[in-house]
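All remarks here apply to the structure that follows.
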Amino acid sequence: MLQGEMGSKLTTQATKQEKCYDPGDKTLKFVDGEDVLDFLCEDFKSPRAQMSCGHAVTPTSLTNWCLRQLDQGDSRFVCGQFGCGVEWPYVEVCKMALLTPEEKKYFEQTLAFNAARENFLIKASSLLFHHF
Ligand SMILES: [Zn+2]
């Protein structure tokens, strides 16, 4: 049995440690708004910061959202707020999601892979179009 730990709160997010903005970071614009990417209502503890499109995010929600887009085969990142759809540059995602070196590596590899596949599909469909 675990001693002394049974009373402490166990969260379901044990697999992923929550990232948190440094409140003293002057390069970030902190806002009071809702975390627009917190689709699962996980209510992240980090202060919210504003993206270039004007929506508030937290580093963990932003990381999860961008990972989802990569998994769907996207080679760019767009805001998940309904009706927004502004594209964020990778450098902004990097900074705002507080990506770790491992995450950066994964993001860059997947971006390159997805972009290459997209190019291939565009070429392939234009060839098909040409032929028929
Ligand atoms: Zn937005």
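Nothing in this text is a laboratory measurement; each read-out follows from the coordinates by a stated rule. Quantities reported herein were computed from a predicted structural model and do not represent experimental measurements. As a convention, Cβ positions derive from the backbone with ideal geometry for all residues, glycine included, and neighbour counts pool all protein chains shown.
Pairs exceeding 22 Å between alpha-carbon atoms, taken from 26/95; 45/105; 26/105: 45/105; 26/105. The relative contact order of segment 35-90 comes to 30 percent, based on Cα pairs under 8 Å that sit 6 or more residues apart. Distances between placed amide hydrogens fall under 5 Å for residue 88 paired with 77, 78, 79, all partners being 5 or more residues away or on another chain. As a proxy for reagent exposure, ranking 110, 58, 27, 63 by other Cβ atoms within 10 Å from fewest up yields 27, 110, 63, 58. The mean of 1/r over all pairs of different alpha-carbon atoms in the chain, once inverted, gives a Kirkwood hydrodynamic radius of 16.8 Å. Taken over the Cα atoms of segment 34-81, the convex hull encloses 69 Å³ per residue. As a proxy for reagent exposure, ranking 75, 61, 52, 125 by other Cβ atoms within 10 Å from fewest up yields 125, 52, 75, 61.
Per-residue ellipticity at 222 nm, computed for the chain from helices alone with -39500 (n - 2.57) per DSSP H run of at least four residues, works out to -13000 deg cm²/dmol. Pick out which of 85, 54, 24 has the largest mean-square fluctuation in a Gaussian network model of the chain, springs linking Cα atoms closer than 10 Å. Judging by the Gaussian network model, the answer is 24. Averaging the sequence gap over all C-alpha pairs within less than 8 Å and six or more residues apart, then dividing by the number of residues, gives the chain a relative contact order of 19 percent.
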